[in-house]
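Read the structure below first, then the notes.
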Amino acid sequence: MKENIYGNIPCFLGAENLVEKGSYDTDVIFYGAPFEGESTWGDYTGVELGPKQIRSSSARYSGYLPELDHVDVTEHLSFGDAGDVPFVAHDNEQSYQNIEDFSAELWKTGKFLVGFGGEHGVTYPILKSLADSGKKVGIIHLDAHYDNMPDYEGERYARNTPFMRLYETEGVRNQSIIHTGIHGPRNKPETGRYAKENGAVTITINEIREAKDLRAYAKEIYDMAAEDVDVVYLSICSDVLDFAYNPGGPVDGNGLTSYELLTLIHEFGKYGLVGMDYVEVYPMMDANQNSAHFVSYAVLYVLAGHLKYLGKI
C-alpha cells in the first residue's frame, strides 16, 4: 500500500494512508482542508499550502512526550490520514460544500477528527456538518481575532466570517462558543459587539495571563463550552500565539506563549473533545516552517489529554 498521502508528502505523524486503505478504522483521523478564498490583507496568502507543509514537517516527530509523564501517544491510539478535501478555485461556496460533505462522512465514524487548514473559514462547514448530524455543539475558539464579521466585501464565506456563520447555525449553542485569547487592534470594534449580541463568551489574553492557575482556568473555559451541549470542539488559529512563537503567521503581538497554549489545550483534551482543527499556517511566509512544525506539538498535546479522558493512561 502506498504510504505517502500524495507525491512525496508523508501522512501526518506516520499515520496510515486511509485513502489507499479505503476504510476509516483508526482511533484518530487526520485530514486537510487546503482552502483559501479572499485574502483580507495584501499578499499575506498561501494558507492552502498548510496541510501539505504540516504533514511534511510532522515526519520529524514521534508521539513521545517525556514532559507529560513519558507518554507515547502512538502506543495507545492508532492514526489514519484521510487526505484532503477538493478545493475549487474562485468558488468559495462550492469549496465550503465540499468540506461539509467530506467532514460529514468522517463524523459518521465516531472517531476523533483532526483537521488542518487552510484559512479559518473551513471551521464553519466542518462544524455545520457536525451540527447537522444531530449533535448540539460547543466550541472553544483559540484566536487573536473573533472572525465573526458578516461578510468580506460582500463574500459571506471568508476567513473573517466563520463564527458569524456559526452563530447562525442551528445546533451550535452560541452561549457555548468561547472566543479565547482575543487580543490586539486587528479586531474591529463591531466584532466584540457581534459576539455579545449573539450570546458568545469572550475571554481576552489579559484574563488568561491574570489567571492564578492556568490549568484551573482551562477547566473553567471548558465548562462554559460544555454547558448544555453534546460535544465540545476545539478550533485553533495560529495567531493566538504571539508572533515570536508563530513567525510564519501575521504580526500579532501580546499573544500566548507556546507553553501557555499547549498547557490549555492539553487540559481541554483531558475533559473531552470530539475533535479539533488547526488553521492559518502560512508556509510561504515562514522560511524555517516553524509554525508548521508546531502543529505536531499541538495535536500531540491534545491527544495526550484525550488519552486521560479515555482512561487509557
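The numbers here are math on the coordinates, done by the rules we state, and not lab data. As the structure is a prediction and not an experimental result, all values here were calculated from the model. Every residue, glycine among them, receives a Cβ derived from its backbone with ideal geometry; neighbour counts consider all protein chains shown.
Out of (1) 25; (2) 12; (3) 36, which label holds the value of percent of Cα pairs over 34 Å apart that was computed here?
Computing percent of Cα pairs over 34 Å apart and matching it to (1) 25; (2) 12; (3) 36 gives (2).
Using the Cα centre of segment 55-108 as origin and beta-carbon charges of +1 (Lys, Arg) and -1 (Asp, Glu), tell me which of Leu77, His90, Leu106 is placed farthest towards the positive end of the dipole.
The listed residue farthest towards the positive side: Leu77.
List the trypsin sites (Lys or Arg not before Pro) within segment 152-219 that DSSP assigns to loop and that have no more than 13 neighbouring Cβ atoms inside 10 Å.
Lys212
Let me know the charge dipole size of segment 227-281 about its Cα centre in debye, to the nearest 20, where only the beta-carbon of Lys, Arg (+1) and Asp, Glu (-1) is charged.
Working: 1 positive and 10 negative charges, 46 e Å.
The calculated dipole for segment 227-281 is roughly 220 debye.
As a check on your grasp of the helix formula, calculate [θ] at 222 nm for the chain: sum -39500 (n - 2.57) over DSSP H runs of n ≥ 4, divide by the residue count, round to the nearest 500. Write out the running numbers ahead of the final one.
Working: 11 runs with 111 residues, N = 313.
Per the formula, -10500 deg cm²/dmol.
Distance between Cα centroids, segment 251-270 to segment 54-92: provide it in whole Å.
18 Å
Dipole of the chain (Lys/Arg Cβ +1, Asp/Glu Cβ -1, origin at the Cα centre): which of Phe243, Thr169, Gly14 lies farthest to the positive side?
Most positive-ward Cα: Gly14.
Please name which of Pro66, Leu49, Thr26 has its Cα lying farthest along the dipole of the chain towards the positive end, using unit charges on Cβ (Lys, Arg +1; Asp, Glu -1) and the Cα centre as origin.
In the chain, that residue is Pro66.
Too long at a 25 Å Cα-Cα cut-off: which of Lys128/Lys308; Lys108/Lys312; Lys128/Lys212; Lys212/Lys270; Lys188/Lys219; Lys111/Lys312?
Beyond 25 Å between Cα atoms: Lys128/Lys308; Lys128/Lys212; Lys188/Lys219.
Taking the chain as a Gaussian network, where each spring joins two C-alpha atoms under 10 Å apart, which residue of His141, His90, His120 fluctuates the most?
Judging by the Gaussian network model, the answer is His90.
Where the only charges are on Cβ atoms (+1 Lys, Arg; -1 Asp, Glu), what is the dipole of segment 1-57 about its Cα centre, to the nearest 20 debye?
Numbers: 4 positive and 9 negative charges, 36 e Å.
In total the dipole reaches around 180 debye.
Suppose every Lys and Arg Cβ carries +1 and every Asp and Glu Cβ carries -1, with no other charges. What dipole size does the chain come out with about its Cα centre, to the nearest 20 debye?
Details: 25 positive and 47 negative charges, 117 e Å.
Using Cβ point charges on Lys, Arg, Asp and Glu, the chain gives about 560 debye.
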